[in-house]
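K.L.:
Mind looking over this structure? Questions follow.
Bear in mind that the values in this text are calculations on the coordinates, not laboratory data. All values derive from a computational prediction rather than experimental measurement. Cβ: placed from backbone, ideal geometry, glycine included. Neighbour counts: every protein chain shown.
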Amino acid sequence: MPDFRAYAPDALADAREIRLAADESHHLVTVNRCSRGDPVVAFDGRGREWLCECTDAAKAATLLRVKESRQAAPLAHEMTLAQALPKGATMDDIVRQATEVGAARIVPLLSERTQVHLDGDRAGKKTGKWRTAAIEAAKQCGNPWLPEIAPIQDATAFMQSASGYDLKLIASLHAGPTTLKKSLAHYAAKHTAGQQNAPRKVLWLVGPEGDFSPGEMTTAINAGFQPITLGPLVLRSDTAAVYALSILSHELQG
């Protein structure tokens, strides 16, 4: 795979040339030092890729000549990460790693123990920053699919309204959780009569530092979430998020 990747969300499927936006051109030419004649893969974040050659390495409007286009097959399983906001810039790392693992959707949540409080303007800027982090991660890892970054939501309201998932899981430090392997085995046993014995759409709910409160955990269970242990050790929220997605992806692909 060529070393250079560029995000081109507005490119046409049958495009013969792609003119990159100013910020993307700057990143490709100035930061990554792409030159005329270099191979570049442009992608739109929706599975479409174009194999290109850089014909004009202009820092404000790089031009790519398309040699071939292809549409990646959608992932067999759709993972959503609903993440209670951690402190500092940790959410940036969570978004990057979730993109690398193949999450389809990321939902930032405000929970009872969330120590980050954002007003409307700051919340919008944060969401934009996370989208940028996802694009950067997709370039780095070669993922042609960008995860949807949902607006920041109240955790309890999200738990109560979350629907359309085959399986809803919540990482838990409280007593009595089961393992992911047992949860998936139980799901398969219930669906042996159908054609699909593995969940296609799975929602992972991961708490902030200190986990969700007992009240939030009760709300989640009443809303159909299964408490899942991530092992005997207490993980940081960012470690828990990428670990949860990674073991789920591994089990679903198996």
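K.L.:
Please list, in chain and number order, the residues 5+ apart from VAL40 or on another chain whose amide H is under 5 Å from its amide H, with Hs placed from the backbone.
P.N.:
Here the answer is CYS52, GLU53, CYS54, since their amide H atoms fall under 5 Å of that of VAL40.
K.L.:
Another question about this same structure. Suppose only helical runs count, i.e. DSSP H with n ≥ 4. What mean residue ellipticity at 222 nm does that imply for the chain under -39500 (n - 2.57) per run, divided by all residues and rounded to the nearest 500 deg cm²/dmol?
P.N.:
-10000 deg cm²/dmol
K.L.:
Using the Cα centre of the chain as origin and beta-carbon charges of +1 (Lys, Arg) and -1 (Asp, Glu), tell me which of CYS34, ALA84, ILE228 is placed farthest towards the positive end of the dipole.
P.N.:
Farthest towards the positive end: ILE228.
K.L.:
Assuming 0.36 nm per residue, please report the length gained on full extension of the stretch ALA89 to SER163 beyond their Cα-Cα distance.
P.N.:
So the chain would gain 23.7 nm between ALA89 and SER163.
K.L.:
Also, I was wondering about something else. Choose one of ALA188, ALA241, VAL95: the residue whose Cα lies farthest towards the positive end of the charge dipole of the chain (beta-carbon charges +1 Lys, Arg; -1 Asp, Glu; about the Cα centre).
P.N.:
About the Cα centre, the residue reaching furthest to the positive side is ALA188.
K.L.:
Further, regarding this structure: As an exercise, use a Förster radius of 35 Å and the Cβ-Cβ distance of THR178 and LEU51 to find the FRET efficiency, rounded to the nearest 0.05.
P.N.:
E between THR178 and LEU51, to the nearest 0.05, is 0.20.
K.L.:
Eight or more residues apart or on different chains, and alpha-carbon atoms under 23 Å: count the Lys pairs in segment 78-253 matching that.
P.N.:
Going through segment 78-253 pair by pair, I get 15.
K.L.:
Show me 14-27, 131-144 ranked by packing, highest mean number of other Cβ atoms within 10 Å first.
P.N.:
Highest mean packing first, the order is 131-144, 14-27.
K.L.:
Dipole of the chain, Cα-centred, from +1 at each Lys and Arg C-beta and -1 at each Asp and Glu C-beta, to the nearest 20 debye?
P.N.:
Value, rounded to 20: 260 debye.
K.L.:
Another one. Can you compute the label reach from CYS141? Point 7 Å from Cα along the Cβ direction, backbone N cut-off under 11 Å, restricted to segment 73-116.
P.N.:
Correct set: 94-104.
K.L.:
Between LYS59 and ARG236, what is the label-to-label distance in nm when each label sits 7 Å out along the Cα-to-Cβ direction?
P.N.:
Calculated label separation equals 3.5 nm.
K.L.:
Still on this structure, I have one more. Hey, fewest Cβ within 10 Å first, where do ARG70, ARG48 land in order?
P.N.:
Ascending Cβ contact count within 10 Å gives the list ARG70, ARG48.
K.L.:
³J(HN,Hα) across segment 73-89 via Karplus (A = 6.51, B = -1.76, C = 1.60, θ = phi - 60°), whole Hz, x for Gly/Pro?
P.N.:
The phi angles translate into 5, x, 5, 5, 10, 10, 9, 10, 10, 9, 10, 5, 4, x, 6, x, 9 Hz.
K.L.:
Using the Cα centre of segment 4-71 as the reference point, and only Cβ charges (+1 on K/R, -1 on D/E), how large is the resulting charge dipole? Debye, rounded to the nearest 20.
P.N.:
So the dipole magnitude of segment 4-71 works out to roughly 120 debye.
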